[in-house]
Amino acid sequence: MSSEPSQLAVRLHTARLARSPVEQPPAGLLDVAGAYAVQAQGIALRISDGERPTGFKMGFTSRAKMAQMGVHEMIVGLLTDAMQVADGGSLERVRGIHPRVEPEIAFLLKRDLAEIPHAGLLSSAVEAAAPALEVIDSRYAGFRFSLPDVIADNTSAFSYAIGAWQSAPPGIENLGIALRLDGRDRQLGSSAAILGNPWRALEAAWQLARRHGLRNAPGSVLMAGAATAAEPLPTRGLVEAEVQGLGRVAIHIV
Ligand code: OOG
Ligand code: MG
């Protein structure tokens with residue numbers, strides 16, 4: 001195994017395509033800035049495969065997720081069109097290595113966050129909100145990673161689905177959130193678990209995007225991060241997230 005940071009992006013890209021996990025890089029190989037550089041190399045590989053960026057995803061914005069994965073700092077990753085599944089659409093379980101699913105809230109961005117000069121203007125960048133599902137799939141063996149490892153692996157991004165956008169969403173500060181598998185509640189939480197208020201995920205994304213030079217086109221998505229721990233993705237069946245007052249989104253696992 002090579003321990004060069006520049007080769008890690010290729011190893012992770014190949015692991016995803018081959019559905020075969022890789023070992024974590026040696027501790028200390030990467031710092032956070034170096035990990036975002038590896039993430040950017042990985043995105044460039046996906047773009048050269050014909051994919052198009054569709055937005056950002058925040059990670060570790062809730063204590064439930066931090067505790068589940070043992071990482072205690074927020075992270076940001078990039079979404080592409082190849083990851084998107086339509087609401088009501090199907091996702092092939094075999095495309096993943098060891099996928100997990102989590103309930104989220106998504107924002108539709110009408111402006112590039114990098115162009116917003118201060119946090120007080122951030123709400124002007126948001127067009128709408130929607131319930132969302134994220135399917136994560138670490139490219140590391142055992143779904144184990146350090147903070148730089150998971151950043152380099154584009155924050156385990158694998159697939160996502162978004163429900164109907166609501167342009168005048170109800171107050172989203174404290175809404176009940178459920179993750180259901182075949183109609184059974186598997187995780188229950190509140191949007192308040194996301195940094196105390198999911199709008200704070202927007203500010204955190206803005207800060208990280210500025211720090212790491214990420215840009216987004218108008219019409220991009222921002223996933224605020226899971227409100228609950230993730231569940232293993234079932235081999236078949238219906239996976240659904242419902243956010244009280246905001247609606248539901250479901251995908252079929254085939
Ligand atoms: C990293 C991604 C975290 C979230 O919503 O907190 C994330 C992982 O858990 O593998 O997407
Ligand atoms: Mg997530």
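Would it be correct to say that GLY171 is on the phi > 0 side of the Ramachandran plot and free of Cβ contacts under 8 Å to residues at least 12 places away in the same chain? Show your work before the answer.
Working: on the phi > 0 side of the Ramachandran plot: no; free of Cβ contacts under 8 Å to residues at least 12 places away in the same chain: yes.
So GLY171 fails the test.
Within the stretch 119-132, count every residue that is touching a residue at least 60 places away in the same chain (Cβ under 8 Å), in a helix (DSSP H, G or I) and of a type in the set (Gly, Ala, Ser).
Residues meeting the conditions: 3.
Going residue by residue through the stretch 156-171, is there one that turns out to be away from ligand 1 (no atom under 16 Å from the Cβ), touching a strand residue (DSSP E or B) at 6+ places or on another chain (Cβ under 7 Å), open to solvent by 50 Å² or more (accessible area, probe 1.4 Å) and assigned to a strand (DSSP E or B)?
As a first pass, look at the stretch 156-171 and keep what is away from ligand 1 (no atom under 16 Å from the Cβ): 163-171.
Add one more test, that the residue is touching a strand residue (DSSP E or B) at 6+ places or on another chain (Cβ under 7 Å), and what stays is 163-167, 169.
If we keep only those that are open to solvent by 50 Å² or more (accessible area, probe 1.4 Å) as well, we get 164-167.
The next check asks that each one be assigned to a strand (DSSP E or B); those that pass are 166.
Within the stretch 156-171 (the criterion being away from ligand 1 (no atom under 16 Å from the Cβ), touching a strand residue (DSSP E or B) at 6+ places or on another chain (Cβ under 7 Å), open to solvent by 50 Å² or more (accessible area, probe 1.4 Å) and assigned to a strand (DSSP E or B)), the answer is yes, since at least one residue qualifies.
Would you check if there is a residue in the stretch 34-45 being over 16 Å from the mean Cα position of the chain (by Cα), under 27 Å from ILE194 (Cβ atoms) and within 11 Å of ligand 1 (Cβ to nearest atom)?
Narrowing the stretch 34-45 to residues over 16 Å from the mean Cα position of the chain (by Cα): 34-35, 37-38, 41, 44-45.
Those left that are additionally under 27 Å from ILE194 (Cβ atoms): 35, 38.
Checking the rest, the ones that are also within 11 Å of ligand 1 (Cβ to nearest atom) come to none.
No, the stretch 34-45 contains no residue that is over 16 Å from the mean Cα position of the chain (by Cα), under 27 Å from ILE194 (Cβ atoms) and within 11 Å of ligand 1 (Cβ to nearest atom).
Evaluate the stretch 213-230: report whether one residue or more is surrounded by fewer than 20 Cβ atoms within 10 Å (Cβ to Cβ), part of a helix (DSSP H, G or I) and among the small types (Gly, Ala, Ser).
For the stretch 213-230, residues surrounded by fewer than 20 Cβ atoms within 10 Å (Cβ to Cβ), part of a helix (DSSP H, G or I) and among the small types (Gly, Ala, Ser): absent.
Checking the conditions here, which among TRP206, TRP199 is aromatic (Phe, Trp, Tyr), open to solvent by 30 Å² or more (accessible area, probe 1.4 Å) and more than 21 Å from ARG93 (Cβ to Cβ)?
Numbers: TRP206 fails: open to solvent by 30 Å² or more (accessible area, probe 1.4 Å).
Step by step, each of TRP206, TRP199 is checked, and only TRP199 is aromatic (Phe, Trp, Tyr), open to solvent by 30 Å² or more (accessible area, probe 1.4 Å) and more than 21 Å from ARG93 (Cβ to Cβ).
Looking at the stretch 205-239, which of its residues are touching a strand residue (DSSP E or B) at 6+ places or on another chain (Cβ under 6 Å), over 20 Å from THR80 (Cα atoms) and of a type outside the set (A, V, I, L, M)?
Answer for the stretch 205-239, where residues must be touching a strand residue (DSSP E or B) at 6+ places or on another chain (Cβ under 6 Å), over 20 Å from THR80 (Cα atoms) and of a type outside the set (A, V, I, L, M): THR228, GLU231, PRO232, PRO234, ARG236, GLY237.
The values are calculated or read from the model by the stated rules, or taken from the named source; none is laboratory data. Worth saying up front: this structure is predicted, and the values here are computed from it rather than measured. Backbone-built Cβ (ideal geometry, glycine too); neighbour counts: all protein chains shown. The area values use the complete protein model at the heavy-atom level, side chains included, leaving out ligands, DNA and RNA. Shrake-Rupley method; radii C 1.70, N 1.55, O 1.52, S 1.80 Å.
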